[in-house]
Amino acid sequence: MKKKPIILGIESSCDETAASVITENEQGLPTILSNIISSQVDVHKEFGGVVPELAARSHLEKIDLITKKAIDESGIKIDDIDAIASTAGPGLVVCLSVGLSFGKAMASSLNKPFIAVNHLEGHALSPKLNSELNYPYLLLLISGGHTQFLSVKELGSYKRLGTTIDDAVGEAFDKTAKLLGIEFPGGPQIEVYAKKGDPNKYELPKPIFHKGGCNLSFAGLKTAVLKISKQIKTEQEKYDLAASFQKTIEEILYKKTKIAFQEFKKINNDNENKFVVAGGVAANKKIREMLKDLCKEEKFKAIFPPINLCGDNAAMIAMVGLEKFKLNHFDDLDSPAKPRWPLDESAAFLKGAGVKL
């Protein structure tokens, strides 16, 4: 019987030090043998956001231990590993360099193939870890650093249909949380606050709502929240603002996703239209429910990774490694860290003042 490939994944693009071992079962479906994530919340809490130098130092302190723990928990011997996959970008370059260098050193010492992984591709493939997902599909990637709609034709083949022209949706959640006095990382707490508030209390702007195709903008919404937050006097008003913010985000994503569906149908001839939602904000239950309802309306199949695999993790990096290993797509040990690494290399850079929509 042919040995199933065993891949070690390493992730250090921001403030999670993570390592994971995955393989395949007899049916050829991915199986997670271990998935260890060490968060740095306590390191960055007092600063209200991620401090790159502190994050990199924390990665250096933990990566050896976290990787050893992942291998131990997987039940395999280190020599059983067939390839090592490390996140090479996008992300904070000082953080990326830690996991990338560690992965290269391991690959070299074990004489195993090395695979440099695009972090966004990890999110794009993350639902493959818990469901049979075949290409092509429409992807909505929503996280702290990214918000974009992509047509995924196959591994390595992506066409961007829409993106944020300023802030990512996760960034808008985190900054709104900070304005409401919620401790870092506050984005996920917005949903908790919203349950106690009146979603119709504040009328918030929806930038480029009626133009720009399925491109998005959140900077104006964030500015409006800032102005209102200065006048808030009670806890209830905080809950009301959180609820109004959550509702506005849902309305923006509903409208823009509907447009993305139409754009995707123009280029996809597949009988089944599949819609994958991935990234940290995909863990927001209200957004999940809204997008599932929209999929029913538009006859798309909704696919989400499990909640615990929405945020940054190494299982998704190993998943890309597994796909590339089967195609013999390996990288040199001098592969650089890429702080900016779009999935669609040909897409125009849409950020900053003067963007024409």
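The values are calculated or read from the model by the stated rules, or taken from the named source; none is laboratory data. If you're wondering where the values come from, they're calculated on a predicted model, not measured in any experiment. Neighbour counts run over all protein chains shown; Cβ positions are idealised from the backbone, glycine included.
From the list 122, 162, the one residue that fits, being of a type outside the set (Asp, Glu), surrounded by fewer than 23 Cβ atoms within 10 Å (Cβ to Cβ) and modelled with pLDDT of 95 or more, is 162. Scanning region 173-183 finds no residues that are of a type in the set (D, E, K, R), assigned by TED's automatic domain parsing to the domain that holds residue 295, modelled with pLDDT of 95 or more and out of contact with any Leu (no Cβ under 7 Å at 6 or more places or on another chain). Considering region 315-341, the residues that are in contact with a Leu (Cβ under 8 Å, 6 or more places away or on another chain) and outside any helix (DSSP H, G or I) include one that is nearest to residue 98 (Cα to Cα), namely 337. In region 230-252, the qualifying residues are those that are modelled with pLDDT of 95 or more and either outside the structural domain of residue 275 (by TED's automatic domain parsing) or touching a Leu at 6+ places or on another chain (Cβ under 7 Å) (or both), and the one that is surrounded by the fewest Cβ atoms within 10 Å (Cβ to Cβ) is 238. Under the condition of being crowded, with 22+ Cβ neighbours inside 10 Å and free of Cβ contacts under 8 Å to residues at least 60 places away in the same chain, which residue from region 191-206 is nearest to residue 310 (Cα to Cα)? Ranking the candidates gives 193 first. For region 311-334, a residue qualifies if it is of a type in the set (A, V, I, L, M, F, W, C) and either surrounded by 24 or more Cβ atoms within 10 Å (Cβ to Cβ) or without any contact (Cβ under 8 Å) to a residue 24 or more places away in the chain (or both), and the qualifying residues are 314, 315, 316, 317, 318, 319, 320, 322. Of the conditions (1) under 18 Å from residue 143 (Cα atoms); (2) not in a strand (DSSP E or B), residue 266 fails just one. Which one is it? Exception for residue 266: condition (1).
List every residue pair whose Cβ atoms lie under 6 Å apart, where the two residues are 6 or more positions apart in sequence or sit on different chains, the first residue falls within region 60-89 and is outside the structural domain of residue 110 (by TED's automatic domain parsing) and hydroxyl-bearing (Ser, Thr, Tyr), and the second residue, located anywhere, is outside any loop (DSSP other than H, G, I, E, B) and surrounded by 15 or more Cβ atoms within 10 Å (Cβ to Cβ). Once the first residue is outside the structural domain of residue 110 (by TED's automatic domain parsing) and hydroxyl-bearing (Ser, Thr, Tyr) and sits in region 60-89, no partner that is outside any loop (DSSP other than H, G, I, E, B) and surrounded by 15 or more Cβ atoms within 10 Å (Cβ to Cβ) comes close enough. Using the structure shown, decide if residue 23 is closer than 14 Å to residue 99 by Cα and touching a Lys or Arg at 6+ places or on another chain (Cβ under 9 Å). Judged against the criteria, residue 23 is not a match.
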